[in-house]
Amino acid sequence: MAPSVLEQAVSPAVPTKATSSAAIIQAPLPNPSLQVTADHKLKAVDAPVYAPKHGEVLVHIKVTGICGSDLHFWKTGRIGDLVFEGDCIIGHEAAGVVLKVGDGVTHLKPGDRVAVEPGVPCEHCFLCDDGRYNLCEDVQFAGVYPYAGTIQRYKVHPAKWLHKLPDNLSFAEGALLEPLSVVMRGMEVAKLQLGRGVVVCGAGPIGLIALASARASGAHPIVITDLDPNRLAFAKEFVPSCITYQVNRTLDAEGNAKAIRALFGTEEYFAPETVLECTGVENSVVTACFTARRGGNVVVIGVGKAVMNNLPFMHISLAEIDLRFINRYRDTWRPAIACLSGGILDLKKLVSHQFPLEKAMDALHLCADSSQQSIKVTIVDDVDATL
């Protein structure tokens, strides 16, 4: 860990506009947290503990999964228009236990096990009125500046955006509901069908969840691609019926697309109708566009750079490729819980590493080191933090 990109501190976090009006309470334990700073550093902080206001709940966060967006914010300070202009606690894939409820909360009580839906929309704009709350421009999203995330022991969150976990789901599975929700939104847009071929680009956590979800949907055959043979080996173990393709660095996007399509046979009809692009890498998006059959669709689920200059516009146009994008999710948490609790999907194997909350910084560094071959890294807090 290089000192030039790393800071540690034990000092109160600066209250954000999301918490500045809330009362600070005395908790029985410290509230260790992990912040990303405006100058791209990590900082361990003992953060304040806030009392839940009307409609809010104080949660003991038991598990938080590390997402690629957490690494993006750390390394670059932004994703598109989302910019870290100050220090902020990160993390948004989480589950925990209700400790205290605010006035007006009737469906939750202390001791309830819950998953955190991290985005809190305004509920007043035309998009929210239309049910498309994932597109709300005034969303308060945990772990995106200035709204504190879940890599901390105690977090206040609106009760409406907490979902009870059934007894047969662990906290780790509860944290996996967030990336599963991302995939479920992508599948909704893609409209996967029984017996229709699909390609999944990228064998990271989102790609692997997309692979398992596509299999559960009845899509067939399924090809998953990646540069890393170890990730592809894991994908084959995770979903044995899939076909793996290692991206050839010596070929251009069209060349790799041709090789991928060949895995589906020689007839154009059997070429993949749908491609789920789960990396956000420009060359992979271009490959996806050349891979889908004429009249097919490409759904970009991965997070990429702000501007892509090399999309094959005329190929997309002449082949009538339906190039679609998603922004997070909406109305996915209850069906996601049903998928895991009902055994439709089993994502437990994705958790490759666990770190205690006090070593959250180490978890971020391991996750950022590709040589460590991590899949899903989680931060766990097993202490008794009962108020």
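Values for this structure:
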{"item": "Top-ranked residue in the range 244-279 [being open to solvent by 60 Å² or more (accessible area, probe 1.4 Å) and hydrophobic (A, V, I, L, M, F, W, C); ranked as farthest from Asp322 (Cα to Cα)]", "result": "Leu251"}
{"item": "Residues that are open to solvent by 60 Å² or more (accessible area, probe 1.4 Å) and more than 18 Å from Asn283 (Cα to Cα), drawn from the range 293-316", "result": "Arg294"}
{"item": "Helices (runs of 4 or more DSSP H) contained entirely in the range 205-265, each with at least 1 residues that are over 23 Å from the mean Cα position of the chain (by Cα), among the aliphatic types (A, V, I, L, M) and more than 24 Å from Ser69 (Cα to Cα)", "result": "253-262"}
{"item": "Any hit, the range 180-188, residues being part of a strand (DSSP E or B) and either open to solvent by less than 40 Å² (accessible area, probe 1.4 Å) or in contact with a Leu (Cβ under 6 Å, 6 or more places away or on another chain) (or both)", "result": "no"}
{"item": "Of all residues making up the range 350-361, the number that are open to solvent by 30 Å² or more (accessible area, probe 1.4 Å) and under 16 Å from Gly174 (Cβ atoms)", "result": "2"}
{"item": "Filter result for Gly143 (open to solvent by less than 10 Å² (accessible area, probe 1.4 Å), in a loop (DSSP other than H, G, I, E, B) and over 23 Å from Pro110 (Cβ atoms))", "result": "yes"}
{"item": "Lone unmet requirement of (1) over 17 Å from Ala175 (Cβ atoms); (2) outside any strand (DSSP E or B) for Ala44", "result": "(2)"}
{"item": "One residue from Leu108, Leu127 being of a type in the set (A, V, I, L, M) and free of Cβ contacts under 8 Å to residues at least 40 places away in the same chain", "result": "Leu127"}
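Per-residue answers, yes or no, for (1) part of a helix (DSSP H, G or I); (2) touching a residue at least 24 places away in the same chain (Cβ under 8 Å); (3) basic (Lys, Arg); (4) in contact with a Phe, Trp or Tyr (Cβ under 7 Å, 6 or more places away or on another chain):
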position: Val57; (1), (2), (3), (4): no, yes, no, no
position: Asp70; (1), (2), (3), (4): yes, yes, no, no
position: Gly86; (1), (2), (3), (4): no, yes, no, yes
position: Gly91; (1), (2), (3), (4): no, yes, no, no
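The values are calculated or read from the model by the stated rules, or taken from the named source; none is laboratory data. Everything numeric here is computed off the predicted structure, so don't read it as measured data. Backbone-built Cβ (ideal geometry, glycine too); neighbour counts: all protein chains shown. Side chains are part of the model used for accessible areas, which takes the heavy atoms of the whole protein and leaves out ligands, DNA and RNA. Shrake-Rupley method; radii C 1.70, N 1.55, O 1.52, S 1.80 Å.
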